[in-house]
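Peer 1: Structure below; questions to follow.
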Amino acid sequence: MIQSMTGYGKSVIQLPTKKISIEVKSLNSKNLDLNTRMPSLYREKELSIRKLIASKLVRGKIDFSLYMEITGEETSTQINKTVVNQYIKQLKNVVDGDETELLKMAIRLPDALTTEREEMDENEWSQISKEIDSSLEKILQYRVDEGKSLEDEFVSRAQNISDLLDEVIAMDPDRIDGVRERLNKGISDIKEKVDENRFEQELVYYIEKFDITEEKVRLKNHLDYFQKALQSDDSNGKKLGFISQEMGREINTIGSKSNYAPMQKLVVQMKDELEKIKEQLLNVL
């Protein structure tokens with residue numbers, strides 16, 4: 001079953017003095033492009049988080065964010081009263097103003113506030129870690145759901161190409177007859193006697209140059225392989241991309257060899273369907 005690289009997962013946990021929100025977003029990318037945002041308090045866990053995300057999500061442009069909101073009454077930031085009072089005294093010598101206005105000015109000056117470094121609680125982190133796992137499970141499910149939609153479209157587009165190929169196969173005898181008729185008419189217009197045996201040999205050689213039997217067989221095989229790859233246990237967008245490239249080669253060769261307007265029209269339709277497949281394959285893991 002294929003998976004999309006597009007996904008979103010979010011989890012929220014309420015701890016005694018803070019609320020933790022975890023968000024994981026992913027978009028398509030050729031490789032793993034991981035960005036993390038988190039408070040400095042939990043920065044020591046960044047490496048392990050990165051390894052976990054890489055093992056779970058494998059590929060894509062991924063943004064991981066961990067937000068912390070203090071909800072308790074305690075705060076690690078304190079007013080440095082001594083420094084603030086000294087600032088107010090100095091400000092009184094410079095400007096006139098009431099105590100409230102001077103306090104507003106003093107509180108913005110350096111060292112007016114002090115922040116005690118909070119140590120991480122391992123028990124607290126254990127709860128947060130579970131929520132990270134939960135958010136990753138949500139984004140994985142999102143990817144699976146999106147992958148199912150992509151799979152349905154791929155199946156439909158591949159079937160359209162297969163149906164168009166059946167039309168190409170059906171009209172191929174008429175195309176060859178048309179080539180033979182045009183050559184015969186060209187010879188008759190010259191109004192010269194020709195060696196019939198030699199003409200037949202040249203005709204066979206000329207028609208062989210326009211033969212698309214191998215291309216039809218290979219394209220059919222590529223379509224079957226593409227369908228089987230969609231049903232494989234793993235999601236391999238790169239593999240599907242390689243198969244689509246091979247399909248494109250066969251379609252292009254059929255178009256260049258066809259020399260027959262009705263068939264070239266079908267080839268253009270096949271190219272259009274394949275292009276839509278390629279566009280969506282960029283989103284597959």
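The values are calculated or read from the model by the stated rules, or taken from the named source; none is laboratory data. Computed from a prediction, not measured in an experiment: that's the story for all the values here. A quick note on method: Cβ atoms are made from the backbone with ideal geometry, for glycine too, and the neighbour counts reach across all protein chains shown. Surface areas here come from the heavy atoms of the whole protein model, side chains and all, with no ligands, DNA or RNA. Shrake-Rupley method; radii C 1.70, N 1.55, O 1.52, S 1.80 Å.
Peer 1: Just give me the residues in the range 34-63 being of a type in the set (Lys, Arg) and within 18 Å of GLU137 (Cβ to Cβ), in sequence order.
Peer 2: ARG50, LYS51, LYS56, ARG59
Every residue, every condition in (1) touching a residue at least 40 places away in the same chain (Cβ under 8 Å); (2) open to solvent by 70 Å² or more (accessible area, probe 1.4 Å); (3) within 29 Å of ILE2 (Cα to Cα); (4) among the small types (Gly, Ala, Ser), yes or no:
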{"site": "TYR225", "(1), (2), (3), (4)": "no, yes, yes, no"}
{"site": "SER235", "(1), (2), (3), (4)": "yes, no, yes, yes"}
{"site": "LYS239", "(1), (2), (3), (4)": "no, yes, yes, no"}
{"site": "GLN245", "(1), (2), (3), (4)": "no, yes, yes, no"}
{"site": "GLY248", "(1), (2), (3), (4)": "no, no, yes, yes"}
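Peer 1: Within the group SER48, SER55, SER29, which residue is of a type in the set (S, T, N, Q), more than 20 Å from ASP121 (Cβ to Cβ) and out of contact with any strand residue (DSSP E or B) (no Cβ under 6 Å at 6 or more places or on another chain)?
Peer 2: Within the list SER48, SER55, SER29, the selection yields SER55.
Peer 1: May I pose another question? How many residues does the range 1-33 hold that are within 13 Å of GLU69 (Cβ to Cβ) and among the small types (Gly, Ala, Ser)?
Peer 2: Residues meeting the conditions: 1.
Peer 1: Something else: Kindly list, by first and then second residue, each pair from a residue in the range 35-46 that is among the aliphatic types (A, V, I, L, M) to a residue that is open to solvent by 70 Å² or more (accessible area, probe 1.4 Å) and not in a helix (DSSP H, G or I), limited to pairs with Cβ atoms under 9 Å and residues at least 6 apart or on different chains.
Peer 2: MET38/TYR67; LEU41/ARG117; LEU41/GLU118; LEU41/GLU119
Peer 1: How many residues, within the range 26-59, are open to solvent by less than 30 Å² (accessible area, probe 1.4 Å), more than 15 Å from GLY7 (Cβ to Cβ) and part of a helix (DSSP H, G or I)?
Peer 2: 3
Peer 1: If you go through the range 200-213 one residue at a time, do you hit one that is farther than 27 Å from SER156 by Cβ, at pLDDT 90 or above and assigned to a helix (DSSP H, G or I)?
Peer 2: Yes, some residue in the range 200-213 is farther than 27 Å from SER156 by Cβ, at pLDDT 90 or above and assigned to a helix (DSSP H, G or I).
Peer 1: Kindly provide the set of residues from the range 15-25 that are open to solvent by 40 Å² or more (accessible area, probe 1.4 Å) and either more than 20 Å from the chain's Cα centre (by Cα) or acidic (Asp, Glu) (or both), ordered by number.
Peer 2: PRO16, THR17, LYS19 - these are the residues of the range 15-25 that are open to solvent by 40 Å² or more (accessible area, probe 1.4 Å) and either more than 20 Å from the chain's Cα centre (by Cα) or acidic (Asp, Glu) (or both).
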